[in-house]
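Inspection log for the structure reproduced underneath, given as structure tokens.
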Amino acid sequence: MEKKIPKKVGLALGGGAAKGLAHIGVIRTLERAGIEISYIAGTSMGALVGGIYAATKDIGFLENFFLGIREKDVYPAHRMIRKKDGELFKNDLLDLLENKIDGMNIEECKIPFAAVATGVESGSEIILKKGNLRDAIQASTALPLIFPPTKVNGTLLMDGGFVNPVPADVVRELGAEYVIAVDVSSRWYNLEEESFNPVKLYSVMPRALAIIEYQLARRVLPQANIVLNPPVIGYRWFQFADAKDIIRAGENEARNKLREIFDGTAYTPKEKTPAQKFFDFLFYSD
């Protein structure tokens, strides 16, 4: 029987601020399963996680960085808006991320990558596939009222969630034959379930973006072969101190869908070592 050639796998990583840390768990699980990621497209937090991973192929660095964040390191949401300088963390934590990719162009990434942003003046979708990687990530994550717009090639850009929250179509255009979309935030909000204050901007803005993402995702998600929905919708957008639980949610969601991914990509499950089986028993058994 002729052995099937595995398909080229692409990841479409959606926005969601702290909820986007689930992407780390998804990537970690795919790596552990021996599934090679050939292309990545990301929006907002998906661009940050996806871009740094595409540049370094070092998911451990990202995981350790966010696991090291404590609640006292994160500015309260109302303070972020009042400051208007885009700072999330009280210390120079973001410098550690930026130094990892400082001076690097997207074309130099170890995995082909694209970031999605929104043109401030035109409202159009801007796909960044070349040029400075740090600028592309900053543009894709520039949520209004929290982060200032970023100028790239003379064009002011803001958060890509306004035009393409989970860029399954973009990663397919890069060359992916099998698209795994990771959607962490495009759900219709039930305001009875959420702590919601319609007067406070920091309460309204993430929910307004979530409503937009919900509608837009319905258009692009059908272009994915499989959609992963880590159960993280209950986390607030600034809850980076809950990184461990959010990353674990991404891991578990990917593990639950591995059989379907193996079948769709023609990858063969790797035989686990006794140590890996013991690790799974300790951390993943119900």
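The values are calculated or read from the model by the stated rules, or taken from the named source; none is laboratory data. Every value quoted in this text rests on a predicted model; they were computed, and no experiment measured them. Please note: Cβ atoms are built from the backbone with ideal geometry, for glycine as well, and neighbour counts cover all protein chains shown. Protein only, heavy atoms only, side chains kept; ligands, DNA and RNA dropped before computing areas. Shrake-Rupley method; radii C 1.70, N 1.55, O 1.52, S 1.80 Å.
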Worksheet item: Applying the selection to region 56-82, what residues are among the basic types (K, R) and at pLDDT below 95?
Response: R70, K72, R79, R82
Worksheet item: If you go through region 121-141, how many residues are open to solvent by 60 Å² or more (accessible area, probe 1.4 Å) and acidic (D, E)?
Response: 2
Worksheet entry | Of residues in region 222-245 being assigned to a helix (DSSP H, G or I) and closer than 21 Å to Y39 by Cβ, the one modelled with the lowest pLDDT | P222
Item to complete: Being closer than 19 Å to N229 by Cα and open to solvent by 30 Å² or more (accessible area, probe 1.4 Å) is the filter; apply it to region 26-47 and report the residue that is farthest from the chain's Cα centre (by Cα).
Response: E31
Item to complete: Output the residue which, of all residues in region 1-48 that are acidic (D, E) and outside any helix (DSSP H, G or I), is farthest from D183 (Cα to Cα).
Response: E2
Discussion item. What are the pairs with Cβ atoms under 9 angstrom where one residue, in region 108-130, is in contact (Cβ under 8 Å) with a residue 60 or more places away in the chain and the other, located anywhere, is assigned to a loop (DSSP other than H, G, I, E, B) and among the basic types (K, R)? Sequence gap at least six, or different chains.
Written reply: I111/K57; P112/K129; F113/K129; A114/K129; A115/K129
Worksheet, complete the sentence: Scanning region 83-102 for residues that are open to solvent by less than 60 Å² (accessible area, probe 1.4 Å) and not charged (D, E, K, R), the one modelled with the highest pLDDT turns out to be I101
Discussion item. Against the conditions (1) crowded, with 18+ Cβ neighbours inside 10 Å; (2) modelled with pLDDT under 70; (3) assigned to a loop (DSSP other than H, G, I, E, B), where does L209 fall short? Just the number, please.
Written reply: (3)
Worksheet item: Which condition breaks for F61 when tested against (1) open to solvent by less than 10 Å² (accessible area, probe 1.4 Å); (2) of a type outside the set (A, V, I, L, M); (3) over 23 Å from L258 (Cα atoms)?
Response: (1)
Worksheet, complete the sentence: Only one of R172, R187, R248, R219 is more than 15 Å from G10 (Cα to Cα), among the basic types (K, R) and either assigned to a strand (DSSP E or B) or at pLDDT 95 or above (or both), namely R248
Discussion item. Suppose we filter R259, R255 for residues that are without any contact (Cβ under 8 Å) to a residue 24 or more places away in the chain and part of a helix (DSSP H, G or I); which single one remains?
Written reply: R259
Worksheet item: Residues in region 104-115: is at least one open to solvent by 60 Å² or more (accessible area, probe 1.4 Å), modelled with pLDDT under 95 and not in a loop (DSSP other than H, G, I, E, B)?
Response: no
Practice prompt. Give the residue that is modelled with the lowest pLDDT, with candidates limited to residues of region 33-55 that are of a type outside the set (V, I, T) and closer than 13 Å to L133 by Cβ.
Written response: L48
